[in-house]
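> To start, I am sharing the structure in question, which I have written as structure tokens.
The values are calculated or read from the model by the stated rules, or taken from the named source; none is laboratory data. This is a predicted model, so every value here is computed, not measured. Neighbour counts are summed over all protein chains in view; Cβ atoms, including those assigned to glycine, are modelled from backbone coordinates with ideal geometry. Quick note on the areas: whole protein, heavy atoms, side chains included, nothing else; ligands and nucleic acids left out. Shrake-Rupley method; radii C 1.70, N 1.55, O 1.52, S 1.80 Å.
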Amino acid sequence: MIKIGITGQSGFIGTNLFNRLQRYPDIFQIIPFSDSFFEREEDLRKFVSQCDAIVHLAAMMRSPKEGEVYATNMSLINSLISAVETEKVYPDLFFASSIQENNGSEYGRCKLDGKKLLCDWAIKHGSGFGCMVFPNLFGPYAKPNSHSFIATFCYKLIHNDTPVVINDNLIPLKYIDSVLDELVPFFQHIMSSKSIEELKLKPDYELKVTEVLSILKSFCDSEKKGSIPIIRNQVDMDLYTTYNSYKDK
């Protein structure tokens with residue numbers, strides 16, 4: 001039985017990962033996590049002391065204050081390292097990075113620097129370390145106006161608002177279930193081998209922003225007419241599942 005903790009457990013990836021790992025009760029025992037643990041050293045220390053592995057997903061994505069994203073995210077990582085050092089435990093570590101890690105932004109820099117800190121710690125203590133480099137993700141539980149433009153579009157359409165396309169770029173996209181299909185075996189591999197590896201997840205689709213909006217609008221228009229939306233392929237299915245998840249929000 002692997003005791004695994006997920007920082008950022010209540011977030012988009014964290015919620016979906018928690019639900020997926022619950023499917024394997026004979027393999028994984030999930031150690032409960034609350035965001036408040038980072039505010040109380042004793043709680044964070046108790047959390048890490050119970051974990052064979054920690055998936056660090058907790059992060060600030062954006063802020064109007066210059067420097068706050070970098071400072072906050074590095075503080076979270078340093079707090080995590082301090083907690084395991086104090087408790088003298090050496091869990092395998094997994095870190096969520098992003099395709100933005102080399103773009104020079106605050107968010108990208110903290111992903112790059114945070115990855116190095118955690119990797120160096122794992123090498124020093126003989127723990128496994130796995131870094132996941134995510135493309136643009138979408139799916140249920142993503143927060144509108146924050147995690148995903150698709151979440152924002154879905155929420156606005158369902159609530160009779162009008163989504164706005166600011167830049168009609170070609171976006172590499174990966175559905176959350178597809179991510180989890182790769183993460184679970186990756187976790188098991190790192191934990192059994194104690195290796196240091198990076199998993200660059202490839203997108204499932206590449207679509208322009210207007211293409212995504214057109215598909216989502218077709219779902220909305222069909223339902224307003226009282227008809228069943230037409231699902232032509234897997235991307236339609238993934239977008240429709242995502243769209244439906246915002247109906248109760």
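> Can you name the condition, by its number, that Ile190 falls short on among (1) of a type in the set (Val, Ile, Thr); (2) open to solvent by less than 20 Å² (accessible area, probe 1.4 Å); (3) assigned to a strand (DSSP E or B)?
(3)
> Turning to a different aspect of this structure: In the list Glu206, Glu198, Glu211, which residue meets the criterion of being assigned to a helix (DSSP H, G or I) and open to solvent by 70 Å² or more (accessible area, probe 1.4 Å)?
Step by step, each of Glu206, Glu198, Glu211 is checked, and only Glu211 is assigned to a helix (DSSP H, G or I) and open to solvent by 70 Å² or more (accessible area, probe 1.4 Å).
> Turning to a different aspect of this structure: Go through the stretch 152-170 and report how many residues are surrounded by 14 or more Cβ atoms within 10 Å (Cβ to Cβ) and either assigned to a loop (DSSP other than H, G, I, E, B) or out of contact with any Phe, Trp or Tyr (no Cβ under 7 Å at 6 or more places or on another chain) (or both).
5
> Could I ask something else about it? Within the bounds of the stretch 42-57, is there any residue that is polar (S, T, N, Q) and touching a residue at least 40 places away in the same chain (Cβ under 8 Å)?
Taking every residue of the stretch 42-57 in turn, at least one turns out to be polar (S, T, N, Q) and touching a residue at least 40 places away in the same chain (Cβ under 8 Å).
> If we keep just the residues of the stretch 214-249 that are among the β-branched types (Val, Ile, Thr), crowded, with 17+ Cβ neighbours inside 10 Å and within 14 Å of Ala151 (Cα to Cα), which is farthest from the chain's Cα centre (by Cα)?
The qualifying residue farthest from the chain's Cα centre (by Cα) is Ile215.
> Please work out if Met61 is within 20 Å of the chain's Cα centre (by Cα), in a loop (DSSP other than H, G, I, E, B) and surrounded by fewer than 17 Cβ atoms within 10 Å (Cβ to Cβ).
yes
> Which condition does Leu173 not pass, out of (1) out of contact with any strand residue (DSSP E or B) (no Cβ under 6 Å at 6 or more places or on another chain); (2) more than 30 Å from Ser127 (Cβ to Cβ); (3) open to solvent by less than 20 Å² (accessible area, probe 1.4 Å), if it passes all the others?
(1)
> Continuing with this model, one more query. Tell me which of these Pro140 doesn't satisfy, since it passes every other one: (1) outside any loop (DSSP other than H, G, I, E, B); (2) of a type outside the set (A, V, I, L, M); (3) within 25 Å of Asn233 (Cα to Cα); (4) within 14 Å of the chain's Cα centre (by Cα).
Unmet for Pro140, out of (1) outside any loop (DSSP other than H, G, I, E, B); (2) of a type outside the set (A, V, I, L, M); (3) within 25 Å of Asn233 (Cα to Cα); (4) within 14 Å of the chain's Cα centre (by Cα): (1).
> While we're here: Say whether the condition of being touching a helix residue (DSSP H, G or I) at 6+ places or on another chain (Cβ under 8 Å), among the aliphatic types (A, V, I, L, M) and either at pLDDT below 95 or under 15 Å from Ala58 (Cα atoms) (or both) is met by at least one residue in the stretch 99-116.
No: zero hits.
> Restricting attention to the stretch 138-148, and to residues there that are under 17 Å from Ile215 (Cα atoms) and surrounded by fewer than 24 Cβ atoms within 10 Å (Cβ to Cβ), which single residue is modelled with the lowest pLDDT?
Ser148
> Could you tell me how many of the residues in the stretch 96-129 are open to solvent by 40 Å² or more (accessible area, probe 1.4 Å) and part of a strand (DSSP E or B)?
Number of matching residues: 0.
> Output the number of residues of the stretch 64-95 satisfying the condition of being part of a helix (DSSP H, G or I), modelled with pLDDT under 95 and open to solvent by 50 Å² or more (accessible area, probe 1.4 Å).
3
> Moving on to the next point. Let me spell it out: the conditions are (1) surrounded by fewer than 17 Cβ atoms within 10 Å (Cβ to Cβ); (2) in contact with a Pro (Cβ under 7 Å, 6 or more places away or on another chain), and Ile54 meets all of them except one. Which number is the exception?
Only one criterion is unmet by Ile54, namely (1).
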